[in-house]
Each structure stands twice: as C-alpha cells, then as structure tokens.
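The values are calculated or read from the model by the stated rules, or taken from the named source; none is laboratory data. Note that this is a predicted model, so its numbers are computed, not measured. Here the Cβ positions follow ideal geometry from the backbone for every residue, glycine too, while neighbour counts run over all protein chains shown.
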C-alpha cells in the first residue's frame, strides 16, 4: 500500500485520536483553571504556610518535565489505591501542571484590579468569597483570556506525552498504525499536519479573543 493510500485509510482513526487529544487538552485547561484559582486564592488569602506550599507547588510543577509528572502520577495513584482509567490519569496530570501556570496568570491579573474596588467592597462588609466571585475574578479573567487560549494550545501539543501511559490520543494512534504497517513517513506527516491544523485554529481563536478583550477593556 502506498503512503498516500495508507494515510487516507488511516484518516478516520487519526481524527478520532485528534478528538481525544482535544478532549484531554480542553479538560486539562478547565480543571487547570479550577486548580489555578484555588492556588491563587490560597496564596493571596492564606497564611504563610499556605503561601509557602503554593510557591513550592508552582515551582515544582514549572521546574520539572511534564513527562515525569505524568509518569509519577500514573504510578502513584494505583499505589495509594486509586485505580483510575489512563485517560483520566492523563487529564489530571495535565490539569495539575496547567494549574500552576494559570495560577501565575491569575496573580498577574490581580495587579490590574483597582484596589479601590476591593476596599469599597470590604467597607460594605462584603464577604471575601463574594468579593472574589463578583469583583476580582471577572476582571482577572477578562485580562487573562488570551494567555489562557495560548495555554490551551500548549496543552494540545503537550498531550502527545500521554501516549507514554497508553492514552489513545493522536500520537498514540499514529504509533499504533506505524507499528502495524511499518510505513512511518506518511502517517507522521499527516499527524503533524493534524496538530498544525488544531493549533492554527486555536491561534486564530486567540487573536479573536484578544480583540474582544481589548474592546471590553476600552468600554
């Protein structure tokens, strides 16, 4: 079978792998936002011990390879009695890593929130959770939406590492096809093109989000 014919016959499987890649990356970003918010709030509102933990966590997550983090999580979870599917373990690893970066985005965005608004809310005896929910976080997310979409793009590419634990995403699918056919060239070119299409589409979305955010900030 020619390389071109192999790519055409393998395209449905590669597209299913790409769908899993997008699903894992999207879940990783969404859960990463939750982790990032928790870390940012803990750092800003917690005591010194909590701030120290957050700093250590962020430094560890950003200072060690995601590949190692995925392997550690994959082997540690069963050791403590949590036998979860490979896909879920991969998503958790992506979200914990992404959460460290997103927490720093949120902390950076906090500097742009006018302190007078927070002081006014405190003067009105508004509880701290409501201040964060109604005043701080909406403004912060309006500012960090563009870098969040960039983080999504980064996770799409980083999700290829999930193949090492057997998650059948795009890279793992390509590996399986190559192992069965011994024709790597066309399959890997097609796989690279699919990653490019996904990342290009997300980059276009990033530009639209940046323009929309700029309009929002100018109002």
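Couple of notes before you dig in:
- Lone unmet requirement of (1) within 16 Å of the chain's Cα centre (by Cα); (2) more than 28 Å from residue 146 (Cβ to Cβ); (3) without any contact (Cβ under 8 Å) to a residue 24 or more places away in the chain for residue 77: (1)
- Those helices (runs of 4 or more DSSP H) of segment 127-200 in which 1 or more residues are buried (at least 17 other Cβ atoms within 10 Å of the Cβ) and at pLDDT 95 or above occupy 137-158, 170-181.
- Residue match in segment 91-108 (condition: out of contact with any strand residue (DSSP E or B) (no Cβ under 7 Å at 6 or more places or on another chain) and more than 24 Å from residue 22 (Cα to Cα)): yes
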